[in-house]
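Colleague: What follows is a single structure, and I will ask about it in a moment.
FYI, it's all coordinate maths here, none of it is from the lab. Fair warning: this is a prediction, and the values are worked out from it, not measured in the lab. Neighbour counts are summed over all protein chains in view; Cβ atoms, including those assigned to glycine, are modelled from backbone coordinates with ideal geometry.
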Amino acid sequence: MKNILLILFTLFFALGTSAQTKKTVNSSKKLVAYFSCTGNTKQAAQKIADAIGAELYEIKPAKAYVAADLDYRNKKSRSTFEMQDPSSRPAVSGKIGNIKKYDIIYVGYPIWWNLAPRIINSFIEKNNFKGKK
Ligand SMILES: Cc1cc2nc3c(=O)[nH]c(=O)nc-3n(C[C@H](O)[C@H](O)[C@H](O)COP(=O)(O)O)c2cc1C
């Protein structure tokens, strides 16, 4: 009898804890921040934000990228210059407003030269992510 009570108590406690964890994650305030030049990442970001109930934030460059800037075959294009220079920090327009209200921030970006575009470094350095997941 003692053993049965112990098992029931453990089960009750475990289920309670897992429900509490789920509740905490569900009630977390989430933001999906994304950078996208040709719309693919934007679409994915929108789907993820819808699925998890997050707000959306577009990481906008101070100077928009035109098609010629994105030509990775051109050694002199803007994106090639930026990606060849690890210290390149293309300016971001604006900041996340009231970042304090978010618990979890997802960052979405396209792959450029097997890396995150340098503007993502600018974005990370410009905003204060202390304590954020
Ligand atoms: C400058 C540049 C470099 C890229 N480098 C890579 C790469 O290394 N690997 C890859 O799979 N795709 C690469 N791509 C393709 C992009 O990751 C892909 O087109 C992406 O979907 C673009 O996202 P967006 O529409 O949100 O801008 C590159 C695209 C650009 C413009």
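Colleague: With each pseudo-label sitting 7 Å past Cα toward Cβ, what's the N26-Q43 distance in nm, one decimal?
Modeller: 3.1 nm
Colleague: Let me ask you something else. I need the calculated FRET efficiency for the pair L56 and E125, taking r as the beta carbon distance and R₀ as 25 Å, to the nearest 0.05.
Modeller: Efficiency computed from Cβ-Cβ geometry: 0.70.
Colleague: More than 19 angstrom separation, counting every C-alpha pair in the range 18-126; what % is that?
Modeller: Summing the P(r) tail past 19 Å for the range 18-126 gives 49 percent.
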